[in-house]
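Below is one structure, written out as structure tokens; the observations come after it.
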Amino acid sequence: MRRERYGGRVVERGVIGVDLGGTKLLAGAVDADLGIHHRTNRPVYGLDQDGLVQMVADAVQEIRTAVGGGIEAVGFGIPCTFDSRTGRAVQAANAPILDMAFHDVMSERLGLPVIVDNDANCAALCEARVGVGAGCSELVLLTIGTGIGGGLVLGGEVYRGWIGGGAEMGHMVVEMDGPPCQSNCPNHGCLETVCSGTALVRIASLAVARRPDTALGHALEEGRELTGPLITRLAQEGDPVAADAIALIGRRLGIGLVSLVNIFNPQMVVIGGGVSAAGELLLEPAREIVRERALAPNRDVVRIEAAAFGAEAGMVGAALAAREGIGVARAGYPEAVS
Ligand SMILES: [Zn+2]
């Protein structure tokens, strides 16, 4: 079915998955049984376009050499919004790839078929195929880090909207006159303005000023920087300010999930990204809000779970997309259609 629909083919030999973030590249070879071989890491920050293409080519070559050939395709997950009509990144965290036909350039350079997709779409594919949502045909994924990325699997396939710009669920409005959103988003009160890692740090820093005699307050006194990982660790150790901040983020997340559960009736909502390290401290408040405020029957059947793949979801998902020959843009596949 998938082969017919996409005119593609399922690659049976090895593929390489590349998670090309704003600051670093993580890549690895994934075999037909989903075993991961020879991971590699490279810094991305500060490269121009030629430098980036060269760095990616070097990383892919390193992996091909290490695994002894047999690589059939390369998938890239990138934190960008793509226009599938051109394959070009329209809103790009990786500035050097803005407005570049990344898939064509990389396919020619690597001499291999290449697919490109948004990193959260790759993570959603990973969790729906082989992660916590394995077997789910309807899955919503949010990755909560500095911002909030979104990926949707509907009817067993990644859903990207008409020209590839869909599933931006972090930019769903939850507060009409809320705070201005970050970077390229002109909106106010988006989900990511109230429950991203950035919002967590803001909430905790306001709260700790009122309650300095706590573990979090003492950490700041010692000159520690207030970060998401620090708040998460102290929350897990029982610090009340840190735990309250995470619970508030969880309830706000729940408000966003109510709309997603009502609209998509997913089997599972998967929460990934750095903030999801808080685990049940984050998820249980979100579940409570969904139970209270979403519509039946959706609220009674949805499962809200932490991602299984953590920092490797983008890489593994990009490899799976390469294996299936699907993505927002692709080049070099024998059956590729433009
Ligand atoms: Zn926004």
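Here, each number is a calculation from the coordinates, and none is a lab measurement. As the structure is a prediction and not an experimental result, all values here were calculated from the model. Ideal geometry is used to build each Cβ from the backbone, glycine not excepted, and the neighbour counts take in all protein chains shown.
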Whole angstrom only: what separates the Cα centroid of the range 120-152 from the Cα centroid of the range 218-263? 21 Å
In the range 57-125, trypsin sites (Lys or Arg not before Pro) in a DSSP loop with at most 16 other beta-carbon atoms within 10 Å: Arg85
Principal axis box of the chain, alpha-carbon based, largest edge first, Å: 61, 48, 37
Strictly greater than 14 Å: what percent of every Cα pair in the range 283-338 meets that? 68 percent
Near Ala209, within a Cβ-to-Cβ distance under 13 Å, what is the net charge of the other residues, with Lys and Arg +1 and Asp and Glu -1? +1
Would you list the membrane-span-like helices of the chain, meaning whole DSSP H runs whose alpha-carbon atoms span at least 18 Å along their axis and whose mean Kyte-Doolittle value is at least 0.0? 49-67, 197-210, 240-264
If you split all Cα-Cα distances of the range 226-338 into 5 Å bins from zero, what percentages do you get per bin, shortest first? 2, 11, 17, 15, 15, 13, 12, 7, 5, 2, 1, 0
Amide H neighbours of His37 under 5 Å, at least 5 residues apart or on other chains, H built in the peptide plane: list them. Ala29, Val30, Asp31
For Ala329, which sequence-distant residues (separation of 5 or more, or a different chain) have an amide H within less than 5 Å of its own amide H, given hydrogens modelled in the peptide plane? Val116
Using alpha-carbon positions, the gyration tensor of the range 171-235 gives root eigenvalues a ≥ b ≥ c; with a/c under 1.5 called rounded, otherwise prolate if a/b exceeds b/c, else oblate, the class is prolate
Per DSSP, the loop-located chymotrypsin sites (Phe, Trp or Tyr not before Pro) within the range 25-84 having at most 12 other beta carbons within 10 Å are Tyr45
Non-local amide H neighbours of Phe82 (under 5 Å, H modeled in plane, Pro and chain starts lacking H): which ones? Val90
Looking at the P(r) of the range 157-290, how many percent of alpha-carbon pairs lie beyond 19 Å? 53 percent
